[in-house]
Structure formats: structure tokens, C-alpha cells
Amino acid sequence: MNIIVVGCGKIGVTIISSLVAEGHDVTAIDNNNRLISEITDIYDVMGVCGNGADYDTLAEASVEKAELLVAVTNSDELNMLCCFLAKKMGAKHTIARIRNPEYNDQGLGFMREHLGLSMSINPELFAAQELFNLLKFPTALKIETFARQNFELIELRLAADSPLDGVRLSELRTKNQAKVLIGVVGRGNDVYIPDGNFVLKGGDHIGVAAKPSELQSFLKSFGLLRKGAKNVMILGGSKTAFYLAQLLIAAGTSVKIIEQDKQHCHTLCEALPKAVIINGNGAQQEVLMEEGIADTDAFVSLTGMDEENILISIFAASQNVPKVISKVNRNELASMAGNLGLDCIVSPKKLISDILVQYARALQNSLGSSVETLYKLMDDKAEALEFHVGQDSRLTGIALKDLKLKPNTLIAGIIRGHDTIIPGGMDVMLPGDKVIVLAASHRLQDLSDIIK
């Protein structure tokens, strides 16, 4: 597809990289000529230097031929204006980044309708929602939800002495009655879509799929279930921290935010009257100790510096904080953090990139099915996708055992109405079903792509 990305900051570049990897024809727009030169040198994209809300700039980028325009500059207003003009000039779909909390209320739907926006994206809000899920389910490294939260896939790291160490997957049902599926396993640098003969080992990074109640039962039976955090310390008073604090307070969780800027502390106090706001330098260990880091259930580092987040999170882990989460945007530092023992990393730009890839794939689908959800797993080495099965799908009514699936592909779940099915060989897909597919080494555009 022809896609235009306006704004080449950290999120814009991540989106461009992902869309190019998907095979799309991308045009980048930014008013910084140096950034445009760097991006066109690194990626196979067209570059236009100019204001994304200017008619001539959009015309030069051939906006009338664009199936999708994504505006992710630092200005919400510029993003909205850019999308409005692009839609009027012929772009089929437009997506704007809108970060300001004042815009993300009841008026957002009104603005989307009258500006012709296909979608609005808020990296900080999406990150806060992911953080909230992880704090409510501390055992998990990641939680992905499907079918309006009727089906979940959680990623876990098995300890060296885990009860699952040495368990063959075909024996799992005899050890536990919960209807779950271990559908993807990361071991070292390798990722597997395992069969029944696969044997788990301590240290494995596993993806477990099931309906939420079954996951709870499974984790409880193996001693892997921990209670959600009741008091949370957040370092940095960013927009992500604000959104996260709102979610936690609404759920009855005690929240303490440490912010260095005194004036911003006053703003947070007014916006979050039920939170404890501390004016101090959280990079200083003495401050964290004085504020009781050793007694908190969870610590979330959300400063604007990846390196600082990693180092302070390592200190929090050394104080035996049960759940430590760090915001890290740079890929190379995220890998380093993992090597240093920080498994729980959240990247706002990565979340937005995945959403854009999902949206682009959905636009390309055939009539037989459509991508409704897409998640990257195991450091992007695998994917979990939710497809809606259409009336014209050629895969309906066929027993799964008779489908010749591609290697490293697995049907992990079927949601039919209110029923969640962990499928066996005799199950079939029917029109209207939601089907969860796990795949490694494949990019699935359509449900039919799972067949050889």
C-alpha cells in the first residue's frame, strides 16, 4: 500500500521501519531536512521536506494516492489538521497521534468524526494501559488480550526450579485440568511453536493462551500466581505516569509519584488528588529509600531517559521489589535490559508501531477474513493474530486435523459467541468465529495464509 508518515521523531521512525519491513510503499514527511536525509539513506522510502499540514507538501507527497496517512508530529493540533487536509485531498484513511489528556475525553469521538479520522493513537495512554495490566497480573511479562478480553495470551519466564521444568506438553493436561495452551516458547535466541512432544525447561520464555479464568487456575495450580500490586511507586511525572495513576487509583491502588520538577508536582497534585506526589530526584537512591521503595509492591520507572530507567530499575530489583517495570524505547537498550535481568519492559513507540502494522494488514485483507488484533511476541520473532472469519472463508467447516498448516503455525483458540475453545483436531472454524493464530517466521495477511 501507499502510506505517508508525517513526523519523523522516535515514534515516526519506528512506524516507518515496521511498515517498510511489511513491504509497503512509504513516503516520509518532516520539516527537518537532516532527518529526511537520514531516513531516506537508511530505509527504502520517499522523503519530502516540509510542513505536513501544508497543501503543497501533501501534494508533493501524492497524498491523493495514499491508502493511509499517519501524522505523528509533536503537535496534536498539527496532526489533526494534517489528517483533515489529507482526507479532503483524497487520502483514504488517516490516523493522528493525539497525546494531550484534554483531547482524550468525551470530545475525542466528536473530533474524529468531523475531522475524518480513521483512528487516533495515544502512545502514553496505550503504554499506561499495558502497565496497568501488568501490575494487576504481576506474574506476567506481557499480557495480550483478544476478542474483547475473552481470550488472553500471557508471556512468562520459567524459573530454574519451576514445576514446569521437564514437563512434556502432551502431559500437561494430566497434571492440570485447566484448558490452556502453551503455544510459543523462546529458548535462547530460538523461538518455537511447539507440538505435544516439546519438553519445557527452566529459563524458557513461554506464551500461555486461554480464557482469563482458565489462566488463573493454571497459574495457581503451579504456584505461579501472585496478587496484583496494592501500592505502586512511579518515577517520573510524565503523561504515561498520569494516565497510569488514574487507572490505578480507580482500581483502589495506592500511588506515589516522584517528580523532580516542582511546578509539575503542583500540576499533578491538582490533577491527581488521591495520589501522593513527591518533589525529589528519584535517581538518587537515598530518595527512593526514604520514600519506602523496599516496602512497595511495584516500581515503575517512567523518566524520559532509557538509561536512567534501566539503572534505577536494577536498583529497585536489588531491594527485592516484587514487580519492577521499566520504560525503554531504544531497541538496543531494551535487549541490554533483558540481559541484565529486567524482563518487564514497555515501549510506547513499539506499541504504536504494532497497532499501525495491524491496521495496515487489516486494510489489505481479502473478503474471507480480517485481522482484528495483532501482537508481536518474543522480541518480534513471533506473532499472535486474531482473525474474524468471514462468510466467504474457504477454511470453514473443515476439521483442523485435515488442514495442512504451514510449519511454525498454530491455531491457539476459537471464540464462538460467548464460548472459548482451545481447539483439538476435530474442531472446525465457522463463519463469525474469532480465531487466534500463533506464527513464527511468517507474516500472515489473511487467515488463508496459514495453509501450505
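The values are calculated or read from the model by the stated rules, or taken from the named source; none is laboratory data. Just so you know, these numbers come straight off a predicted model, no measurement behind them. When we count neighbours, we look across all protein chains shown, and the Cβ atoms used for this are built from the backbone with ideal geometry, even at glycine. Just so you know, the surface numbers come from the protein's heavy atoms only, side chains and all, with ligands and any DNA or RNA stripped out. Shrake-Rupley method; radii C 1.70, N 1.55, O 1.52, S 1.80 Å.
Taking the residues in segment 284-308 that are within 27 Å of the chain's Cα centre (by Cα) and free of Cβ contacts under 8 Å to residues at least 40 places away in the same chain as candidates, determine which candidate is least open to solvent (accessible area, probe 1.4 Å). Write out each step before concluding.
Let us first name the residues in segment 284-308 that are within 27 Å of the chain's Cα centre (by Cα), namely 296-308.
Those still in the list that are free of Cβ contacts under 8 Å to residues at least 40 places away in the same chain too: 305-308.
Values: 305: 106, 306: 14, 307: 78, 308: 56 Å².
Filtering first and then ranking leaves 306.
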Count - residues of segment 313-347 that are assigned to a helix (DSSP H, G or I), open to solvent by 10 Å² or more (accessible area, probe 1.4 Å) and either modelled with pLDDT of 85 or more or touching a strand residue (DSSP E or B) at 6+ places or on another chain (Cβ under 9 Å) (or both)
7
Considering only residues of segment 219-264 that are over 22 Å from the mean Cα position of the chain (by Cα) and of a type in the set (Val, Ile, Thr), which is farthest from residue 296 (Cα to Cα)?
249
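Restricting attention to segment 78-97, which residues are assigned to a strand (DSSP E or B), surrounded by 22 or more Cβ atoms within 10 Å (Cβ to Cβ) and not charged (D, E, K, R)?
94, 95, 96
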Criterion: open to solvent by 60 Å² or more (accessible area, probe 1.4 Å), within 24 Å of residue 305 (Cα to Cα) and part of a loop (DSSP other than H, G, I, E, B) - qualifying residue of 51, 100, 74
74
When you go through (1) touching a Gly at 6+ places or on another chain (Cβ under 9 Å); (2) more than 28 Å from residue 370 (Cα to Cα); (3) not aromatic (Phe, Trp, Tyr) one by one for residue 153, which number turns out not to apply?
(2)
